[in-house]
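Trainee: Okay, handing you the structure first.
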Amino acid sequence: MQTTIENYVGKIPFDRFQTVSQAARDEGHKYWIGDIPVHFELLKFFKAFKAKRYNIVPCVDKGTHPLWVKDGFGANKPINIFHVLGITFPDAVDFRSGKIFVTNDGSSVVYCVESDKIENEKFSVSSDGYHTRQSKDMAKALKLALKFLTPLDHDDIEACCDAKLSSAIYTLNQEAKNKMYNKLSIERSVIAQEVAHMIACGYVPATTEFQKALDLLAAEGAELRRMQGYKPRACFVWIKSNSLSYKFKDDKEAIVCTSMDDVPELIRNKLAVLQIANNSDVIADVGIRVSDITYWVFA
C-alpha cells in the first residue's frame, strides 16, 4: 500500500519523508519496508520480527543516515536511508512501544532494541544506552524485541497522556486566577479613594475600576473561584479499532467495552463533545482531547 499523508506514521514531517523516499528510489536503492528505504540488515531484522508479531507498524521517527554505494564510475556516493524504526501497533499509532535499529561496532553488524521497559545497568539511568539492549546475533536480538516491544495496554497509554491532564488543569486554574488578578489588581490611589468614600457614606462604588471588579465578581465570581481550585475526577479513555477502554484515576483497572452502549452515558456524552474539538483543547467539566484516539474526560 502506498504511503499517503493519511496513513503515514512517523515524527519526521511527511514532506521530508517523501523527499528522502523519492531520492532513494531515483538512486535505485534496493531495500525497502513499504515506502521506507532502509539498510539491508534492518530489513532482515524487521522481517524476522514481523514474522513473529505480524501486526507491528514501522514508524519513521528519526533522521536519515548515509549509505555509501558505488556509482557507475566506481566512485562512492551516499544514499540517505532510515536506520532507526519506531515500533507501534494499529490501536495506538500515536504511541511507541520502542525502536529497533542496526549499528556497526567496526567489525560486524549489531542489532539493537530500545524500550522504556529495558533497564540496562551497564549504563547510567540518564544515558542513551540505559533503555537499549543489543546483540551481534540477530536471533538473540529478536528475542529481546519480542520480550520488550509488545502492544501497549491502557495503563501504558494513560501514563503517556498524564502530562496533558496536569497541563490542562493548570491552564484552567491559571486562566481563572489571571482573570481575577487582572480585575482586582487596582492602583493603591484608586483603592484609597474608594475606601475613603466607603467610610464617608453608605457604600456605592465611586470608581469605574472598582465597579468592574464588583461586576465581574457578581457575574462570574463563584465560577472563577471554583476554577481556581478546579480538580475534577479524571477518566482516561482510549478508543481502539474494535473496542474502547476507560479508567478513572482512582480505579485500579481499566474497563473494556466492545459496544458504545456499554460505555457509561456520562463518558459517552462528553466524548461526543471532545471528538469535534481540536487536539489539546481543554473544556471545563468536559475534558481534553489528547489525540484522535485518546481523551481525558472530567466527571
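Each value in this text was obtained by applying a stated rule to the coordinates, not by laboratory testing. Since we're looking at a predicted model, the values are computed, not measured. Ideal geometry is used to build each Cβ from the backbone, glycine not excepted, and the neighbour counts take in all protein chains shown.
Trainee: If a/c stays under 1.5 just call it rounded; otherwise compare a/b with b/c (prolate if a/b is bigger, oblate if not). Do that for the stretch 17-82, with a ≥ b ≥ c from the square roots of the Cα gyration tensor eigenvalues.
Mentor: Note, shape of the stretch 17-82 comes out prolate.
Trainee: I want the local charge near ALA92. Using Cβ-Cβ distances under 10 Å, sum +1 for each Lys or Arg and -1 for each Asp or Glu among the other residues.
Mentor: -2
Trainee: For the chain, give the magnitude of the charge dipole about the Cα centre (Cβ charges: +1 Lys/Arg, -1 Asp/Glu; no others), in debye to the nearest 20.
Mentor: The calculated dipole for the chain is roughly 880 debye.
Trainee: Would you mind getting the Kirkwood hydrodynamic radius of the stretch 1-47 from its Cα pairs, rounded to one decimal in Å?
Mentor: About 11.3 Å, per the Kirkwood formula over Cα pairs.
Trainee: Mind grabbing the base-10 log of I(q)/I(0) for the stretch 14-148 at q = 0.14 Å⁻¹? Debye formula, identical points on the C-alpha positions, no solvent, two decimal places.
Mentor: At q = 0.14 Å⁻¹ the computed log10 ratios are -0.67.
Trainee: Which angle between 0 and 90 degrees, to the nearest 10, do you get for helix 265-274 versus the longest principal axis of the chain when only C-alpha atoms count?
Mentor: 80 degrees
Trainee: What lysines could a cross-link reach from LYS147, if we take a straight Cα to Cα line under 25 Å and drop same-chain neighbours fewer than 8 places away?
Mentor: LYS11, LYS44, LYS47, LYS50, LYS52, LYS62, LYS99, LYS117, LYS122, LYS136, LYS240, LYS252
Trainee: Rounded to the nearest 10 degrees, what's the angle between the helix 40-52 long axis and the longest principal axis of the chain, both from Cα atoms, 0 to 90?
Mentor: For 40-52 against the chain, the angle is about 70 degrees.
Trainee: Still on this structure, I have one more. Among PRO90, ILE118, LEU144, which residue has its Cα furthest toward the positive end of the charge dipole of the chain, with +1 on Lys/Arg Cβ and -1 on Asp/Glu Cβ?
Mentor: LEU144
Trainee: Quickly estimate the mean residue ellipticity at 222 nm for the chain, helices only: each DSSP H run with n ≥ 4 gives -39500 (n - 2.57), and the total goes over all residues, rounded to 500.
Mentor: Estimated from H runs of four or more residues: -12500 deg cm²/dmol.
Trainee: Which whole-angstrom value gives the distance between the alpha carbon centres of the stretch 1-36 and the stretch 42-71?
Mentor: 12 Å
Trainee: Right, something else. Sort the stretch 122-168 into rounded, prolate or oblate with this rule: let a ≥ b ≥ c be the square roots of the eigenvalues of the Cα gyration tensor; rounded if a/c is under 1.5, and if a/c is not under 1.5, prolate when a/b is larger than b/c, oblate otherwise.
Mentor: Oblate is the answer for the stretch 122-168, as a/c is 1.5 or above yet b/c matches or exceeds a/b.
Trainee: Would you kindly compute the Cα radius of gyration of the chain and its largest Cα-Cα separation (Dmax), both in Å?
Mentor: Cα only, the chain: 27.7, 99 Å (Rg, Dmax).
Trainee: At 7 Å along the Cα-to-beta-carbon direction for both MET260 and LEU216, put a label point, then send me their distance in nm to one decimal.
Mentor: About 4.1 nm, to one decimal.
Trainee: If you wrap the stretch 232-298's Cα atoms in a convex hull and average its projection over all directions, what's the area in nm²?
Mentor: Computed as one quarter of the Cα hull surface, the answer is 4.1 nm².
Trainee: Next question. Which residue fluctuates the most in the chain, going by a Gaussian network model with Cα springs under 10 Å, if the choices are TRP32, TRP238, TRP68?
Mentor: Greatest mean-square fluctuation among the candidates belongs to TRP68.
Trainee: Follow-up question, since we're still on this one. What's the exposure ranking of VAL57, VAL38, going from fewest to most Cβ atoms within 10 Å?
Mentor: Going from sparsest to densest Cβ surroundings: VAL57, VAL38.
Trainee: May I ask for the net charge around ILE293, where only other residues with Cβ less than 9 Å from the Cβ of ILE293 are counted and Lys, Arg are +1 while Asp, Glu are -1?
Mentor: Counting the neighbours of ILE293, the net charge comes to -2.
Trainee: Below 8 Å between Cα atoms, with a sequence gap of 6+, how large is the relative contact order for the chain in percent?
Mentor: 11 percent
Trainee: Here is a follow-up. Rg and Dmax in Å for the stretch 165-228, alpha carbons only: what are they?
Mentor: 14.5, 50
Trainee: What is the extension gain from SER124 to VAL9, computed as 0.36 nm multiplied by their sequence separation minus the C-alpha to C-alpha distance, in nm to one decimal?
Mentor: 38.3 nm is the gain from fully extending SER124 to VAL9.
Trainee: Let me check I've understood the local charge: for ASP137, count other residues with C-beta under 14 angstrom from its C-beta, Lys and Arg +1, Asp and Glu -1. What total comes out?
Mentor: Neighbourhood net charge equals +3.
Trainee: Helix 188-200 sits at what angle to the longest principal axis of the chain, using alpha carbons and giving 0 to 90 degrees rounded to 10?
Mentor: Tilt of helix 188-200: around 30 degrees.
Trainee: Work out, step by step, the length gained on full extension between ARG25 and TYR203: first 0.36 nm times the residue separation, then minus their alpha carbon distance; give nm to one decimal.
Mentor: This chain segment gains 56.0 nm when fully extended.
Trainee: A further question follows. How much length would be gained if the chain were fully extended between MET1 and SER280, taking 0.36 nm per residue of separation minus their Cα-Cα distance, in nm to one decimal?
Mentor: The MET1-SER280 span can extend by a further 97.4 nm.
Trainee: With +1 on the Cβ of every Lys and Arg and -1 on the Cβ of every Asp and Glu, and nothing else charged, how large is the dipole of the stretch 128-215 about its Cα centre, in debye rounded to the nearest 20?
Mentor: Value, rounded to 20: 380 debye.
Trainee: Would you list which lysines come within 17 Å of LYS212, measuring only between C-alpha atoms, while excluding same-chain residues fewer than 8 positions from it?
Mentor: Output for LYS212: LYS177, LYS179, LYS183.
Trainee: Using 1/(1 + (r/R0)^6) with R0 = 30 angstrom and r between the beta carbons of TRP32 and ALA139, what's the FRET efficiency to the nearest 0.05?
Mentor: 0.80
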